[in-house]
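Okay, so here's the structure we're looking at.
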Amino acid sequence: MVMLANTQGSADVHPQTGEAVSPILSLKGVSKSFPGVKALSEVSLELFPGEVTALVGENGAGKSTIVKVLTGIYQPDAGEISIAGTSVTFPTAQDAGRAGVTAIHQETVLFDDLSVAENIFIGHAPKTKFGLIDHKTMVNKAKALLDRIGARIDPAVTLRDLGIANKHLVAIARALSIDANIVIMDEPTASLSHKEIEETYELVERLKAEGKAILFISHKFDEIFRIADRYTVFRDGQMVGAGRISEVSEQELVKLMVGRSVDQVFPKRSPQLGKEVLKVVGYSHPTEFEDIGFSLRAGEILGFYGLVGAGRSEFMQALFGITKPSKGAIRIDDQVAVIRDPNQAIGHGIVYVPEDRGKQGAIKGLPIFQNVSLPSLKETSRKGFLRLAEEFKLARDYTRRLDLRAAALDQDIGELSGGNQQKVVIAKWLATKPRVIILDEPTKGIDIGSKAAVHEFMAELAAEGLAVIMVSSEIPEILGMSDRVIVMREGRIAAEYEGDELTPEHLVRAAAGITEVRS
Amino acid sequence: MILSFLKSREAILAGAILVLVVAIASRFPAFVTPANLANVFNDTAPLIILALGQMVVILTRCIDLSVAANLALTGMVVAMLNTAMPGLPVPLILLLAVSLGALMGLLNGLLVWRLDIPPIVVTLGTMTIYRGIIFVISGGEWINAHEMSDAFKAFPREVVFGLPVLSWIAIVVVLGFVVLIGRTPLGRAFFAVGGNPHAAVYTGINVGQTQCAAYVISGALAGLTGYLWVARYAVAYVDIAGGFELEVVAACVIGGISIAGGVGSVGGALLGALFLGIVKNALPVINISPFWQLAISGSAIIIAVAFNATSSRTKGRVILKKAEHAA
């Protein structure tokens, strides 16, 4: 595609024309901290007109933080943002929009019940001289915008009736309607079909031709190498590499992404594997995953790695009986088990600690001890009546094991910090005395101290003979904790690694679908 | 323990009721005679019973607008039965009323659970349907005192240990709810479903089923109240207890039961109902037009909700402070 002849060592020269270009947007020394976490540490980033810069990095590398800094949602603690050489600040999202920066998010932020034209122009609709919305002009302008990006969408239809890909196009048209020069695309192809992805690439080419500077965030190496002109790699909140895409290989990019200074210490384990507890054969779902099969032994920690949307959580939900598989079988202790609702799963000794604590884990309004006892009420009650003292005792036993920091167990769970809420949720499940525990992103969004406690505890559980399934998108955590790792990609098992094969490169390659795994 | 009780919503509401009663008593001492207070309680008994039923529905993030229509239809059915078969014993009538009411509640619950229709739409629909059925079966006719048997009319008014049976039933229902809410897995499930339906699912609680159970309880109590109401006032017609569902919801809201679900208590619902009952009974005494009652209960609702909103907001600040402190 992009041929490079005489640009070696001169990053400021346009690859095709050879003319000198200066970055339209540049970030220098930008830092951003949150309580307990340094999300960005003196990063720099440059975007050039008419070029696509791919931003790559693992989950937690600071990609979404930089997007929020660029769109005025977060204010950097230090550093400078300049547009076309002039230093700027974005106190609000509107300021970023006015400066010509727009972002198209993974989850498009649009209004389902408004028309396409209304979605494109909401907030800056053309007005008649009486101050009313000029519908005709709006529809015509929308049509022109959609034509410009090659989208065959009727501006009058309701957004709800469009597919995801077309919704993306509307979001892009909206971005263009505010005359943005800098377009941020956050994993635009994550949930699209093959054909839709091709259309997105065409669109990116059009935007390039119009001279827009594009920041393209993606986990997919094939597309990065296909459409990007430049790359910037983030790791642990730092910029660790940047340059022309033609001057880097996949191998080098993966190395930059994962080659980390290991600042996290994981508990030392000497796994004592018992007999097989769980065997899953050919589990399939009409839309989310297909042909998932594995076996799990007592005392084992099995990691599930993959990109967001690879179907890991969806599979776990089916395993727990929340959704129904279309095919497949489960054997527990070599006995056929049928799981059609969470109660049956709990009955078979399988418990699931979901990813989203706030949404799926903690029940606010109930005190800590009642959160813990909720799935164990059959054991703590007698003749159908609850015994609060028993519940309290159960909660005390299990929260003590997890080193929960709370003023009192009858405190509302909502008053605890994220890490402590997570501990309550885990205590709740342990209290059911499970055989298999599924931990979905167990340390997402919690502080380092709580993370270490959760890891320590996972190791203890495995040592006690529990079979642990850990879904995680953090490579250090997966590598540091798992005895064996299954990598999922697009709803299927892409690879399984154990022992010496457990390397960051293997995981990233399998998850991203890079075929030549062994080079 | 005592301090946290004093800071609770219930304590504040109880204080407000006390201030109200003292204020009335300072000008009209007759209002606070035990006999009159017993009267006020008896008068409020139907509201208390219905408010408790409504409470469990609201706890699960639903609402039951059909309670008053359910009450009226059950009342009409038992009144017609009594006219047709005056010999029917009261316990059997009670059983019939509760069952019929529960059946209507079950219909609400199944529509919400199985068809996933929004609760407000379901009960708005069944409310109209139930009222319509009363008209169809009665032909719009009234059933008057002289058509009802003496035993039928006497039951709620019979005085046992100094209080009418109606009052005693309300007391028994309150005690029953204390046990149901605080001491049974179903009671706990109501809070879990309302507090976080997603988490409830992961815990193995069937959200729809729990909501359906709440509707059945609310319906059964509406049916029970239907008989008591018709027998006490000795009349049944299409429009009895018209609009009463709003008073029931108001009692819950004033009592601190969160419309968003998951928060509430038996004491709150009881006090909310008592507050409205006292206002309603005191206004004629202090010579204020009963039409003011609407304005007063309306204001009480807004004050209660605003109060709950601000009190939970300060709590949020405390959490933030704590988080900052911890970090």
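A few notes on this one:
- Applying the set (1) closer than 16 Å to B:ALA222 by Cβ; (2) modelled with pLDDT under 95 to B:ASN36 leaves exactly one unmet item: (1).
- Flag if B:ASN196 is within 11 Å of another protein chain (Cβ to nearest Cβ), among the polar types (S, T, N, Q) and without any contact (Cβ under 8 Å) to a residue 12 or more places away in the chain: no
- Among the residues listed as A:PHE315, A:PHE294, A:PHE304, the single one being of a type outside the set (Ser, Thr, Tyr) and assigned to a helix (DSSP H, G or I): A:PHE315
- For region A:348-379, filtering for residues that are more than 7 Å from every other protein chain (Cβ to nearest Cβ), within 11 Å of A:ILE413 (Cα to Cα), in a helix (DSSP H, G or I) and not aromatic (Phe, Trp, Tyr) leaves 4.
- Selection count where residues are in a loop (DSSP other than H, G, I, E, B) and either touching a residue at least 60 places away in the same chain (Cβ under 8 Å) or touching a Cys at 6+ places or on another chain (Cβ under 8 Å) (or both), scope region B:129-140: 1
- Breaking point among (1) touching a strand residue (DSSP E or B) at 6+ places or on another chain (Cβ under 6 Å); (2) under 23 Å from A:GLY97 (Cα atoms), for A:LYS167: (1)
Residue by residue, here is whether (1) touching a Ser or Thr at 6+ places or on another chain (Cβ under 9 Å); (2) without any contact (Cβ under 8 Å) to a residue 60 or more places away in the chain; (3) closer than 19 Å to A:ALA510 by Cα; (4) assigned to a loop (DSSP other than H, G, I, E, B) holds:
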{"residue": "A:PRO188", "(1), (2), (3), (4)": "yes, no, no, yes"}
{"residue": "A:LEU207", "(1), (2), (3), (4)": "no, yes, no, no"}
{"residue": "A:GLY211", "(1), (2), (3), (4)": "no, no, no, yes"}
{"residue": "A:PHE216", "(1), (2), (3), (4)": "yes, no, no, no"}
{"residue": "A:HIS219", "(1), (2), (3), (4)": "no, no, yes, yes"}
{"residue": "A:THR232", "(1), (2), (3), (4)": "yes, no, no, no"}
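- Residues of region A:380-414 that turn out to be part of a loop (DSSP other than H, G, I, E, B) and within 12 Å of chain B (Cβ to nearest Cβ), as a count: 11
- The residue of region A:318-347 that is nearest to the chain's Cα centre (by Cα), among those that are part of a loop (DSSP other than H, G, I, E, B) and away from chain B (no Cβ under 14 Å), is A:PRO325.
- Residue match in region B:251-263 (condition: away from chain A (no Cβ under 14 Å) and surrounded by fewer than 20 Cβ atoms within 10 Å (Cβ to Cβ)): no
- Residues of region A:66-80 include at least one that is surrounded by fewer than 20 Cβ atoms within 10 Å (Cβ to Cβ) and among the acidic types (Asp, Glu).
- Extreme residue, farthest from B:LEU13 (Cα to Cα), among residues of region B:232-260 that are among the hydroxyl-bearing types (Ser, Thr, Tyr) and at pLDDT 90 or above: B:TYR237
- Within region B:132-187, the set of residues being crowded, with 17+ Cβ neighbours inside 10 Å, within 14 Å of chain A (Cβ to nearest Cβ) and β-branched (Val, Ile, Thr) comprises B:ILE181 only.
- Whether a residue is within 23 Å of A:PHE457 (Cβ to Cβ), surrounded by fewer than 23 Cβ atoms within 10 Å (Cβ to Cβ) and either out of contact with any Gly (no Cβ under 7 Å at 6 or more places or on another chain) or not assigned by TED's automatic domain parsing to the domain that holds A:ILE426 (or both) was assessed, and A:GLU390 does not pass this test.
The values are calculated or read from the model by the stated rules, or taken from the named source; none is laboratory data. For clarity, every value in this text was computed on a predicted model and none was experimentally measured. Neighbour counts are summed over all protein chains in view; Cβ atoms, including those assigned to glycine, are modelled from backbone coordinates with ideal geometry.
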